[in-house]
Amino acid sequence: MKTLLYLLLLVPFTTFASLEDLVGPKLIKADGEKVATSSLAGKVVGLYFSAEWCPPCRAFTPELVKLRDSKNDKFEVVFVSSDQSPEAQQKYMKGYDMRWLAIPHDSPLRQQLQEKYDVQGIPSLVIVDDQGNLITKEGRSQMSGPDGAKALEEWIDAAGKAD
């Protein structure tokens, strides 16, 4: 918990009116179905910057799927794809059983989010609350530590979403 508190002190919160301001009003599922961003209300959100062509991404994605699926009532992932096409994005989502939402491939928000969070490489996992306020930009390293489930609990606590 001390590590997370330290990171929170290092990374100032950015306030948004809503998560929709950050990721847009509609997200998509792997099958292309559009879903309102408001469906993420009450959840901690991991912005997952990744692509199918990236070997480290393909290694990390199953871990993230498992973590998300274990606590999907409080934690959701929004995929920010670096794939070359919408078809490649959907293929990656389906192939790795990503039951989460994604920013549409043609959305300029993908690039804007990479710039906003200074994503220098993939995979990268940025954690925000349901208002879009930053919790940590170090989600991947925290999750890949000795106790990834504990990192998830710390994110949920930091967002005030604990039971």
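Observations on the structure shown:
- Residue within the range 75-88 that is free of Cβ contacts under 8 Å to residues at least 12 places away in the same chain and outside any strand (DSSP E or B) present: yes
- Qualifying residue in the range 100-108 (condition: within 13 Å of PHE49 (Cβ to Cβ) and out of contact with any Cys (no Cβ under 8 Å at 6 or more places or on another chain)): yes
- Selected residue [crowded, with 21+ Cβ neighbours inside 10 Å, modelled with pLDDT of 90 or more and of a type outside the set (Phe, Trp, Tyr)] from VAL35, VAL65, VAL45: VAL45
- Among residues of the range 139-153 that are without any contact (Cβ under 8 Å) to a residue 12 or more places away in the chain and farther than 12 Å from ILE127 by Cα, those with a beta-carbon under 8 Å from a residue that is open to solvent by less than 30 Å² (accessible area, probe 1.4 Å) and among the hydrophobic types (A, V, I, L, M, F, W, C) at least six positions away or on a different chain give the pairs GLY145/ALA151.
- Selection within the range 108-136: residues that are out of contact with any helix residue (DSSP H, G or I) (no Cβ under 8 Å at 6 or more places or on another chain) and within 23 Å of ARG58 (Cβ to Cβ). The member of this set that is most open to solvent (accessible area, probe 1.4 Å) is GLN120.
- Screening the candidates ASP106, ASP118 for the property of being more than 20 Å from THR37 (Cβ to Cβ) and assigned to a loop (DSSP other than H, G, I, E, B) yields one hit, ASP118.
- Test: LYS91 is surrounded by fewer than 16 Cβ atoms within 10 Å (Cβ to Cβ), touching an Asp or Glu at 6+ places or on another chain (Cβ under 7 Å) and part of a helix (DSSP H, G or I): yes
- Against the test of being within 14 Å of the chain's Cα centre (by Cα) and touching a residue at least 40 places away in the same chain (Cβ under 8 Å), the options GLU63, GLU52 yield a single qualifying residue, GLU63.
The values are calculated or read from the model by the stated rules, or taken from the named source; none is laboratory data. These numbers come from a predicted model, not from an experiment. Heads up, the Cβs are rebuilt from the backbone with ideal geometry, glycines too, and the neighbour counts pull from every protein chain shown. SASA here: full protein model, heavy atoms, side chains in, ligands and nucleic acids out. Shrake-Rupley method; radii C 1.70, N 1.55, O 1.52, S 1.80 Å.
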